[in-house]
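Heads up, the thing below is written out as structure tokens.
The values are calculated or read from the model by the stated rules, or taken from the named source; none is laboratory data. Treat the numbers as computed from the prediction; the structure is a model and nothing was measured. Heads up, the Cβs are rebuilt from the backbone with ideal geometry, glycines too, and the neighbour counts pull from every protein chain shown. Accessible surface is based on the protein model in full, side chains and every heavy atom, while ligands, DNA and RNA are left aside. Shrake-Rupley method; radii C 1.70, N 1.55, O 1.52, S 1.80 Å.
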Amino acid sequence: RWANMIEKRDLVMALLDVMEATAGFSLSGAISPGEVADITGDQLTMELDKDGSGSTPLLLDVYAVWCGPCQMMAPQLVEAAKELGSSCRVAKIDSDKYGEWSHNLKVGGLPTVILFDSNGEEVTRQEGAVMSNALISMVQPHI
């Protein structure tokens, strides 16, 4: 998308516009619009911070690397993130590395997808592998 930038100034201004547009998107800075971020427990704490009200909903996938359905769902999550763009933050967290979060979120099976509103409150959840269209349908009423 930068191919039409001939002058260095044009490129710098275009990059600045993109950086400004995404600056307030993620409270931790770890999540970019249209992408799935693999976040840490500390980053999740920041993303769910109630003082960050006004941000977009957060779609969180709690997964494990050894989980077959989790691995099957990964491309679906990427596809949904691309479709949702800047209307929703999309992230995943490893339940083995951050077991305390799995416990706090009361995750009973993997994968578990949880949607949080812009205030960090859980809105809905789904256990088991979910296709991208179902993920998008899960988010749309809350954006």
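Give me the dipole magnitude in Debye, nearest 20, for region 38-143 about the Cα centre, with unit charges on the beta carbon: positive for Lys and Arg, negative for Asp and Glu.
So the dipole magnitude of region 38-143 works out to roughly 220 debye.
Please build a GNM for the chain, connecting alpha carbons under 10 Å apart, and tell me which residue among Ala14, Ala23, Ala37 fluctuates the most.
Among Ala14, Ala23, Ala37, the largest mean-square fluctuation in the Gaussian network model of the chain belongs to Ala14.
Within the chain, how many Lys pairs that are eight or more residues apart, or on different chains, come under 25 Å at the alpha-carbon?
6
Take the alpha-carbon positions of region 81-141, form their convex hull, and give its projected area averaged over all directions (one quarter of the hull surface) in nm². Show your work: numbers first, answer last.
Working: hull surface 17.6 nm².
So the mean shadow area of the Cα hull is 4.4 nm².
Rounded to two decimal places and with Rh computed the Kirkwood way over Cα pairs, what is Rg over Rh for the chain? Working shown, then result.
On the way: Rg = 16.1 Å, Rh = 15.8 Å.
For the chain, the value is 1.02.
Lys and Arg at +1, Asp and Glu at -1: add these up for the other residues within a Cβ distance under 9 Å of Ile31 and post the number.
Net local charge, Ile31 excluded: -1.
Can you pull the percent of Cα pairs in region 33-112 with separation above 20 Å? Kindly include the intermediate steps, with their values, before the conclusion.
Numbers: 977 of 3160 pairs.
Value for region 33-112: 31 percent of Cα pairs lie more than 20 Å apart.
Excluding ligands and nucleic acids, what accessible area in Å² is computed for Glu20 using a 1.4 Å probe, to the nearest 10?
Approximately 120 Å² of Glu20 is accessible to the 1.4 Å probe.
Measure of size requested: the Rg and Dmax of region 29-74, with Cα atoms as the atom set and Å as the unit; please supply both.
Just the Cα atoms of region 29-74 yield Rg and Dmax of 12.3, 36 Å.
Nearest 5 percent is fine: what portion of the DSSP beta bridges confined to the chain is antiparallel?
Of all bridge pairs located within the chain, approximately 55 percent are antiparallel.
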